Protein chains: 2
Amino acid sequence: MMRLLDLAEAIDAGDITPSTVMTLAAEAIAAREGEVKAFAHLDLDAARIAADRRGGDDGFFGLPVAVKDIIDTADMPTAHGSPIYARHRPKADAAIVMRLREAQGIVIGKSATAEFAYTAHPPTRNPHDLAYSPGISSAGSAAAVAAGMVPLALGTQTGSSTIRPASYCGVAAIKPSYRLLPMQGIKPFSPLLDTLGVFGARVVDIAYAMEILSRRPMRVDGGDFGTPSFGILRQEFLGPAQEAGEAALVFAARAAQDGGAVLRDIASPPEWHAGAAAHRVIILAEGADSLAYEAVHHGEKLSPVLRDALARGRAISAEEYDLARRDANHARKVSRAVFEGVDALLTFSAPGEAPPFPQTEGGQFNRLPTLLGLPAINVPVLRGPKGLPVGIQVLGRFGEDRRALAAAAWLEARIAAS
Amino acid sequence: MMRLLDLAEAIDAGDITPSTVMTLAAEAIAAREGEVKAFAHLDLDAARIAADRRGGDDGFFGLPVAVKDIIDTADMPTAHGSPIYARHRPKADAAIVMRLREAQGIVIGKSATAEFAYTAHPPTRNPHDLAYSPGISSAGSAAAVAAGMVPLALGTQTGSSTIRPASYCGVAAIKPSYRLLPMQGIKPFSPLLDTLGVFGARVVDIAYAMEILSRRPMRVDGGDFGTPSFGILRQEFLGPAQEAGEAALVFAARAAQDGGAVLRDIASPPEWHAGAAAHRVIILAEGADSLAYEAVHHGEKLSPVLRDALARGRAISAEEYDLARRDANHARKVSRAVFEGVDALLTFSAPGEAPPFPQTEGGQFNRLPTLLGLPAINVPVLRGPKGLPVGIQVLGRFGEDRRALAAAAWLEARIAAS
């Protein structure tokens, strides 16, 4: 995989040029894109020209970036993974794309997404084994990083769309605190839940990207952030994970313990259980509003699964939706107490290894963290019996993304040393 | 003015047809639009055909509606009040437009807005006196209702864009609780503040519209909601209102008292003072993100005032923005205590009468309510020395929009009886 932090430092030091990195990216794409299908749209020629021309020394140094295809780009089509928007060209870049480009990130293409970032599987395959799913909905973003095509990719998460594909593809990713990164110019599905996601090779890489994109101190390379303490959260109200998922959690916990971290088991408060149930109501009700026009005027171009979801969303009463919003608020309010005495929580990123392509189950462990708006990070841990990656999810306190990144980076190092 | 509730009931009773109402709207537009300039785009021919064809009996009964031109419509241009988006045609209707059309509202045109709903004045004039401003940014929406062109108009409010023009134009309007109405498909300026607004002739009319648009019980005609109690809030940290503004507040308070309402003076808590200051930071910082592409690629097509605002927004540090978010949270948290013992607060809708066209000052009393996310309603009260309308603002508890509407309707009736 391409390591964002290392590449940025190498360019800054004059050890490598952006043009060379772009050539490496193009080679990885030439070798794998035909089978992986990470991109809905690619423009390597324009990217090469941009890399050749790059001057200045801003954080992304002309490095190649993949941007999920529900994020607006004025110079590339933005199809939202739907034939309804084939060849759609937005009038402006999304706010996050502007931040990316201002720091000299070069968007080489739009990464494949599930239809409107919901659950219809795109053609993307898992780079570790093409018979398997890369996870959805930010399938292309996770796969492009995993296949060594880009050192950085942007995705989104409304349910499980960042952390799950990161786990399946064996890459690091963060779904930051709700509203830490700007959402303007991203096709909404559920405004109360929609959150940007950032993919990279390692935790230090996504922290580096987060520092630039959020314009806040986020880097966790170099410094010593101390030994974190962890709470182990199994979200037991969802039932058990698969053997490989449980093994990853146990492995990560043991690595942490061996590294000197204090661990303790955390029982989910009842408000979190109710919050996880509220997630379903909110996403369906808001999704029905977000895609009301498409449902009425382009219903025949929607997948059956999305058409059905929008119909179910429409059937949710305002009363039921308001109750779900209340449950969500209650769930958020108890978060502070749950984190008492621990720096971060460890929970499942996914039930286990990726399911066969194009299956899409396995998002359950990500819904509560999304609803709570907490920073959530996938740390790759091990390979399961099918040889596919399995990660664990590090959850931080709301608004304390750097503390969560520091804990995740520490854990990643302990896992590597195990 | 056209009264939405009365027209809906008359159509339902078979006393008038939608075609006749459309003819009345067309006549008012023919008589006044040349000088008032309420619309950025009008399509009366299509509206007439739609009204003639109307079947069924949904709440808006084929009545004409004006929609602010930052709200997406797939069948009409959506120019955001900016030459950058001249002839821009969105791919889909905004969620609120879908709700409107599902209930058989007929969008006859796009009402004029300040550039991107910020502060550059559109060509719209105050229907009560063309030498004066109708208020911004939802200038066309307020003016179209005031001039009798439509019984219902949609606007938005990020600072003062609904309540202030309603006061200047002498119409009723509500900025509902934050996130009560869906924002998908509306050009964002400050996502933490942007809120839909609804304009009509009287409080019962906007309550009727709110019941349909929010899909919640909101009507306040017919029933007896009891005698409300009011807190008088002068937002004294902003300095005094003008004489006409103060007179309107005193007049409304006396009418309430004469009607048997219990009144009490409310001092603004310090958190609200800080919240009002936070509003400026949030709107500028988020605006800079929302229009980052336009600033970089179309800077020459932006008004100097907006260009300057975006530059100031860009200069706000993440730290300052985060502090403002914190202040906003603190301000919201004390709201419940402020409302203790009263059903609603009375405060200024604007400092006084409308300023001469195209002046734009006078939004200060709306910023705190927007930041707090409270339901805010303009109730027309009196005419000032220049003969222009002055209203007062009724603020309700967060999420209790119907209670606020009931208090406002009661007050409106007391004012009429005074």
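Derivation of every value follows stated rules applied to the coordinates shown; laboratory data play no part. As the structure is a computational prediction, the values presented were derived from the model and not from experiment. Heads up, the Cβs are rebuilt from the backbone with ideal geometry, glycines too, and the neighbour counts pull from every protein chain shown.
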Quick one: Debye curve from the C-alpha atoms of chain B, no solvent, what's log10 I(q)/I(0) at q = 0.10, 0.12, 0.14 Å⁻¹?
-0.60, -0.89, -1.23
Taking GluC sites (Glu not before Pro) as exposed when in a DSSP loop with at most 14 other Cβ atoms inside 10 Å, chain B has its longest clean stretch at B:1-339
How big, in percent, is the set of alpha carbon pairs in the range B:133-288 lying more than 28 Å apart?
27
Note: residue B:416 to residue B:319 extended length (0.36 nm per residue) minus current alpha-carbon separation gives 30.0 nm
Sort A:229, B:141 so that the residue with the fewest other Cβ atoms within 10 Å of its own Cβ comes first and the one with the most comes last.
A:229, B:141
Measuring from a point 7 Å out along Cα→Cβ, what nm distances, shortest first, does residue B:307 have to its partners in the other copies?
5.0
Inter-copy distances for residue A:356, label 7 Å out on the Cα-Cβ vector, sorted ascending, nm, one decimal, are 7.9
Calculate the radius of gyration of the Cα atoms of the range A:1-156 to one decimal place, then report Dmax, the largest Cα-Cα distance, as a whole number, both in Å.
14.7, 46
Where rotation carries B onto A, the chain B residue whose Cβ is nearest that axis, in whole Å:
B:191, 4
Let me spell out the model: positive unit charges on the Cβ of Lys and Arg, negative unit charges on the Cβ of Asp and Glu, origin at the Cα centre of the range B:4-214. What dipole size does that give, in debye rounded to 20?
720
Using +1 at the Cβ of each Lys and Arg and -1 at the Cβ of each Asp and Glu in chain A, identify which of A:82, A:169, A:212 lies farthest towards the dipole's positive end.
A:82
Give me the Å³ per residue figure for the convex hull around the C-alpha atoms of the range B:23-100.
104
Stokes-Einstein D for the range B:369-410 at 37 °C, 0.692 mPa s, Kirkwood Rh over Cα pairs, in µm²/s?
296
Taking the Cα-to-Cβ direction at residue B:336 and at residue A:91 and moving 7 Å from each Cα, how far apart do the two end points lie in nm?
4.2
Over what distance in Å are the Cα centres of the range A:292-369 and the range B:115-145 separated?
41
In nm, one decimal, shortest first: how far is the label point of residue B:129 (7 Å from Cα along Cα to beta carbon) from the matching points in the other copies?
7.9
Would you grab the residues whose amide H sits under 5 Å from the one on residue A:16? Only those 5+ places off in sequence or on another chain, please, with H modelled 1.01 Å from N.
A:11
Amide proton proximity set for residue A:197, modelled H, under 5 Å, gap of 5+
A:155, A:156, A:157
If B:75, A:43 are placed from fewest to most neighbouring beta carbons inside 10 Å, the sequence is B:75, A:43
What aspartates and glutamates sit close enough to residue B:333 to cross-link, taking a C-alpha to C-alpha distance under 19 Å and skipping anything fewer than 8 places away on the same chain?
A:327, B:271, B:322, B:343, B:400, B:401
Towards the positive end of the charge dipole of chain A, with charges on Cβ (+1 Lys, Arg; -1 Asp, Glu), say which of A:342, A:94, A:189 has the farthest Cα.
A:189
Taking R0 as 35 Å and r as the Cβ-Cβ distance between residue A:46 and residue A:300, the FRET efficiency 1/(1 + (r/R0)^6), rounded to the nearest 0.05, comes to 0.55
Using amide H atoms built 1.01 Å from N in the peptide plane, name the residues 5+ places from residue B:73, or on other chains, whose amide H lies under 5 Å from its own.
B:94
Could you give each residue of the range A:341-353 its phi-based ³J(HN,Hα) in whole Hz, using Karplus coefficients 6.51, -1.76, 1.60 with θ = phi - 60°, and x for Gly or Pro?
x, 10, 7, 7, 9, 10, 9, 6, 7, 7, x, x, 5
Going down the list A:175/A:301; B:175/B:301; A:91/B:68; A:301/A:386, which pairs span over 27 Å between their C-alpha atoms?
A:175/A:301; B:175/B:301; A:301/A:386
Which ³J(HN,Hα) values in Hz, rounded to whole numbers, follow from the phi angles of the range B:118-131 under the Karplus curve 6.51 cos²θ - 1.76 cosθ + 1.60, where θ = phi - 60° and Gly and Pro get x?
9, 10, 6, 5, x, x, 4, 10, 6, x, 7, 6, 5, 6
J(HN,Hα) series, the range A:387-398, from Karplus relation 6.51 cos²θ - 1.76 cosθ + 1.60, nearest Hz, glycine and proline x:
x, 9, x, 9, x, 10, 10, 9, 10, x, 5, 4
Over chain B: helical MRE at 222 nm, DSSP H runs n ≥ 4 each giving -39500 (n - 2.57), nearest 500
-12500 deg cm²/dmol
For the charge dipole of the range B:4-214, defined by +1 on Lys and Arg C-beta atoms and -1 on Asp and Glu C-beta atoms about the Cα centroid, which residue among B:106, B:4, B:157 has the Cα displaced farthest towards the positive pole?
B:157
Let me know the charge dipole size of the protein assembly as shown about its Cα centre in debye, to the nearest 20, where only the beta-carbon of Lys, Arg (+1) and Asp, Glu (-1) is charged.
200
In a Debye calculation with equal point scatterers on the alpha-carbon sites of the protein assembly as shown and no solvent, what is log10 I(q)/I(0) at q = 0.05, 0.08 Å⁻¹?
-0.27, -0.69
Dipole magnitude of chain B about its Cα centre (Cβ charges: Lys, Arg +1; Asp, Glu -1), debye to nearest 20:
500
Normalised Cα Rg of the range B:319-404, dividing by 2.2 N^0.38 Å with N its residue count, works out at 1.27
C-alpha center-to-center spacing [the range B:56-87, the range A:151-211] in angstrom
34
A correct fewest-to-most ranking of B:317, A:349, B:133 by other Cβ atoms within 10 Å would be B:317, B:133, A:349
